[in-house]
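Okay, so here's the structure we're looking at.
The values are calculated or read from the model by the stated rules, or taken from the named source; none is laboratory data. What you see is a predicted model, and the numbers here were worked out from it, not measured in a lab. With ideal geometry, Cβ positions are generated from the backbone for all residues, glycine too; neighbour counts draw on all protein chains shown. All accessible areas refer to the heavy atoms of the entire protein, side chains included, with ligands and DNA or RNA removed. Shrake-Rupley method; radii C 1.70, N 1.55, O 1.52, S 1.80 Å.
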Amino acid sequence: MNSSSIVRRRFLQGVAAATAVTSVRAQDDPLRFGMIGVGKRGTAHLGQLVERSDITVQAVCDIDSAARDAAQSAAQGDNPRSYSDYRELLRQSDVDAVLIATPCYLHAEMAAAALDAGKHVFCEKPLAISADQVQLVLNAARNSKAVFQIGQQSRNSPHMQDVVRQIHETGLIGTPLVIKAQRHSTPSRPGTRREGGTGQQRRFPGWYNDVKLSGDLIVENAIHNLDVCNWLTGSRPVSVYGHGKRYLPEPMPAGTVMMDGFSVEYIYRNDMHLDYSQLYLHPRALKKLPNGMWFVVYGEKGTIELDYSSWTFYDIYGDSAPVEHQAPEGIDLTEAAHNDFVRAIRENHRPVADIDVAATAALTSIMGREAIYQRRMVTWDEMGVSI
Ligand SMILES: NC(=O)c1ccc[n+]([C@@H]2O[C@H](COP(=O)([O-])OP(=O)(O)OC[C@H]3O[C@@H](n4cnc5c(N)ncnc54)[C@H](O)[C@@H]3O)[C@@H](O)[C@H]2O)c1
């Protein structure tokens, strides 16, 4: 069955099912979680969830029995049941919410099925790796009363929220016009990834370099940064052009294995322009262009320079001295994301990283990837998804 017929079938199922959210329970009963995919990221989530008194881990699911066993023992205080088939977990009426942390190509299918089954869903990014998959989950979410949250935890950062307020409520930089943003890092040795500046190398999971499973670097990885850019613009793209490929260990055309470098230029609906680049060729000691992740938002009255630790305002003509603001310390964004998910379920409202944020970020990344692969300008409209 092709993916558009799966989308259609699911949409009709969703309409027919008129989904009810899993059993009504007392407000202060712990939420009962099912974990789907307990590899590296799922285990990190699990480690935080088992520490909470407002959550119990009721079930774990993974196709890898060693991962299942490790998760069961990490959550032994909650004594979770174990499943190898996520559909079996979704049939359990004593599971209120699922956390999906499987490889990227499975997110949409699993999230849509979970919403159809009446479960609240916390799904790791990206929502999807194709436009059809985005549509699939959007349809399921529109037919469900359950809460959907995407694991784009930058949205839960009070620091980032403050900057967005400064731009769109306080008007600090006047009309925002242009964003330059980047994520540059030192090269990885073939088949390994350097993590968090610790100098440790780890092997990629098998699916990671397969662009049919991961969605490629711009979808699997840059989606966090592109989502922040979308948020900073207060808009969404209309078109994109870009170039990228695998530069090391040897040049390979885009669309074969995970790129290690690309540049993309987006035009937004409000006429803003984004120039984003991601590159794993950047020596740490390079002076003129700092490595790492940063965003610069230029406006008619001034500019904001932003990273995850601070932001600074520069008056456009230098009439006032730059003012730097440090991010509040001690905030764990994954914990903040869990808090928002629980609050949204308890209070019956949308989390900040909701289905629209998820779908917009996924489509932004997917259209950027297609522009790179097809070596042409790609438009939002040709993605064929309405959000
Ligand atoms: N939000 C973030 O900052 C962040 C950070 C890291 C990873 N992620 C995302 O989390 C997801 C998982 O990444 P990872 O590094 O943990 O990968 P991983 O390979 O370590 O873990 C994936 C797990 O899913 C399991 N799995 C595969 N197919 C399955 C199926 N059909 N049913 C059940 N389980 C299945 C695998 O056996 C594995 O244990 C990815 O989408 C990744 O992009 C997000």
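Note on Ser65/Phe204: beta-carbon distance plugged into 1/(1 + (r/R0)^6) with R0 of 22 Å gives a FRET efficiency of 0.55. Secondary structure note: in the chain, about 60% of the DSSP beta bridges are antiparallel.
Assuming 0.36 nm per residue, please report the length gained on full extension of the stretch Lys212 to Ser84 beyond their Cα-Cα distance.
On the way: separation 128, 0.36 × 128 = 46.08 nm, distance 2.29 nm.
Roughly 43.8 nm would be gained on extension.
When peptides 172-182, 344-354 are ranked by their average number of other Cβ atoms within 10 Å per residue, the highest-first order is 172-182, 344-354. In this simple spin-label model, placing a label point 7 Å from the Cα along the Cα-to-Cβ direction at both Arg346 and Ser310 gives a separation of 3.6 nm. A simple packing score, the average count of other Cβ atoms within 10 Å per residue, orders the peptides 324-332, 35-43 as 35-43, 324-332, with the highest score first. If you sort Ser239, Ser84 by accessible surface, 1.4 Å probe, largest first, the order is Ser84, Ser239.
What shape does the range 243-348 take by its C-alpha gyration tensor, where a ≥ b ≥ c are the square roots of the eigenvalues and a/c under 1.5 counts as rounded, a/b above b/c as prolate, and the rest as oblate? Before the final figure, lay out each step's value.
On the way: a/c = 1.70, a/b = 1.16, b/c = 1.46.
In terms of gyration-tensor shape, oblate.
Taking a ≥ b ≥ c as the square roots of the eigenvalues of the Cα gyration tensor, the range 79-174 is prolate, since a/c reaches 1.5 or more and a/b is larger than b/c.
Potential lengthening of the chain between Leu248 and Ser320 amounts to 21.5 nm, from the contour at 0.36 nm per residue minus the alpha-carbon distance. Normalised by residue number, the volume inside the convex hull of the Cα atoms of the range 31-139 is 84 Å³ per residue. Students often forget the sequence filter, so: which lysines lie under 18 Å Cα-Cα from Lys212 once same-chain residues fewer than 8 apart are removed? Partners within reach: Lys125, Lys245.
Let me check against my output: what whole-number percent is the relative contact order of the chain, with C-alpha pairs under 8 Å and at least 6 apart?
Details: 816 pairs, mean separation 70.2, N = 387.
Once normalised by length, the contact order is 18 percent.
A Förster radius of 25 Å, combined with the Cβ-Cβ distance separating Thr379 from Asn291, puts the computed FRET efficiency at roughly 0.20. For the range 288-350, the relative contact order is 18 percent, taking Cα pairs closer than 8 Å that sit 6 or more residues apart in sequence and dividing their mean separation by the residue count.
Ranked by the mean number of other Cβ atoms within 10 Å of their residues, highest first, the peptides 378-386, 159-167 fall in the order 159-167, 378-386.
Using a Förster distance of 41 angstrom, determine the FRET efficiency expected from the C-beta separation of Lys145 and Thr186, and round it to 0.05. The formula returns an efficiency of 0.35 here. What are the membrane-span-like helices in the chain by this rule: whole DSSP H runs, Cα extent along the axis at least 24 Å, mean Kyte-Doolittle hydropathy at least -0.5? Within the chain the helices that satisfy the rule are 355-374.
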